[in-house]
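Please read the structure below before turning to the comments.
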Amino acid sequence: MSIETVRRNALRALLPPADLPLSQWVEDTVFIPSSASATPGRMRLWSYQRGILDAVDDPEIERITAGKGARVGFTALGNAIVASFVAVQPSPVLYIQPTADDARDSSVEFESMMEASPALRGLMSDEADEAGRSTMMARRFAGGSLKFLAAKAPRTLRRHSARVVFGDEIDAWEVSAEGSPIELATMRTLTFSNRKLIFGGTPIFDHGAVTTLYSQSDQRVFELPCPECGDFHEIAWQDIRWPDGKPEEAHWVCPSCGSVVHERHKPRMVQEGRWRAIAQGQRSHAGFRVNTALSRLTLTLLGASWRLSS
């Protein structure tokens with residue numbers, strides 16, 4: 001039996017039932033390597049991550065924008081999404097970062113995740129590409145390809161076509177004489193009726209790429225239930241309060257009932273949270289706003305804790 005036959009059979013074995021959600025496939029299949037997390041092992045999704053994966057699953061949605069804070073798991077989620085297009089829906093994929101160094105780092109992190117995941121290990125070929133080269137930045141697999149590119153080199157975007165584009169930290173993408181890298185990347189997908197354009201990053205500018213794209217979307221916000229009254233609200237920093245001189249006692253105050261909610265309740269609140277679109281008429285463009293206050297990490301130095309709001 002040839003290596004190519006073995007590879008095809010392995011890919012068929014990975015194909016899920018038609019009704020298997022992407023979120024379940026990720027939790028069943030993807031493993032986080034020790035090089036990427038202090039808690040390596042099978043990927044466990046947070047509830048707000050599931051909503052983003054549901055949008056990737058939705059055939060009516062072609063654009064996804066995520067404006068996010070630090071430590072909310074967006075890059076790891078992006079790697080899992082790209083892995084699904086390697087294993088389940090083989091397609092030409094572009095993975096774009098601001099600079100060549102960032103793209104190289106992403107290639108290494110993605111390869112580590114694939115190797116850490118038993119069902120994904122070995123799916124990407126080391127065979128030569130069309131130009132006779134095999135590199136860590138341009139990988140092939142049965143039915144598709146994966147290329148890691150730098151937005152800072154926009155001419156490279158003109159040389160590729162893709163069904164899927166995943167772009168990270170887009171506020172750091174530089175607009176050059178070649179035009180907007182986001183627009184150039186979007187143009188690379190025009191021949192695919194089932195394209196997916198997934199852009200995200202931490203907003204750097206008030207009117208940067210992240211906030212601009214989000215404003216063009218259905219503008220989903222993630223709301224958490226108050227443990228006391230059950231009303232849902234997006235956690236806003238203006239609702240984080242603390243006694244004078246005691247920021248370590250910071251808590252959330254429910255806008256509906258005024259209840260004081262301490263951070264120990266946050267994991268359950270996040271798990272029971274929901275996405276709600278606040279803009280109408282943008283069915284094909286799902287936008288997600290993920291506040292760092294949602295992070296289940298308690299790293300106060302990184303802003304994941306309510307106690308850093310001071």
Practice item. Net charge near SER193: determine it from the other residues with C-beta under 15 Å of the C-beta of SER193, scoring Lys and Arg +1 and Asp and Glu -1. Key: +2
Review point. Can you put THR211, THR135 in order, fewest other beta carbons within 10 Å first?
Key: THR135, THR211
Revision key, fill the gap. With DSSP loop assignment and no more than 10 other C-beta atoms within 10 Å, the GluC sites (Glu not before Pro) in segment 36-121 are GLU60
Practice item. Can you work out the PRE-style zone for SER37? Point 7 Å along Cα to Cβ, and I want the residues of segment 93-120 with backbone N under 16 Å. Key: 109-120
Check your understanding: How high is the relative contact order of segment 3-216, given as a whole-number percent (alpha carbon pairs under 8 Å, six or more residues apart)?
Key -> 24 percent
Exercise for review: Would you work out the charge dipole size for segment 3-216 about its Cα centre, treating the Cβ of every Lys and Arg as +1 and the Cβ of every Asp and Glu as -1, and quote it to the nearest 20 debye?
Suggested key: 400 debye
Check your understanding: Between GLN271 and ALA142, what FRET efficiency follows from the Cβ-Cβ distance if R0 is 35 Å, with the result rounded to 0.05?
Key -> 0.40
Review point. If r is the Cβ-Cβ distance from SER180 to ASP58 and R0 is 25 Å, what FRET efficiency results, to the nearest 0.05?
Key: 0.45
Exercise for review: With the convex hull built on the Cα atoms of segment 3-216, state its orientation-averaged projected area in nm².
Suggested key: 11.9 nm²
Exercise for review: Determine by what factor the alpha-carbon radius of gyration of segment 111-256 differs from 2.2 N^0.38 Å, reporting the quotient.
Suggested key: 1.48
Practice item. Grab the beta carbon distance between ASP28 and ARG264, set R0 = 25 Å, and tell me the FRET efficiency rounded to 0.05. Key: 0.25
Check your understanding: Using a simple spin-label model with points 7 Å from Cα along the Cα→Cβ vector, what separation in nm is obtained for SER161 and SER256?
Key -> 5.1 nm
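None of the figures in this text is laboratory data; all of them are computed from the coordinates on show. Every value quoted in this text rests on a predicted model; they were computed, and no experiment measured them. So basically every Cβ, Gly included, is an ideal-geometry build from the backbone, and we count neighbours across all protein chains shown.
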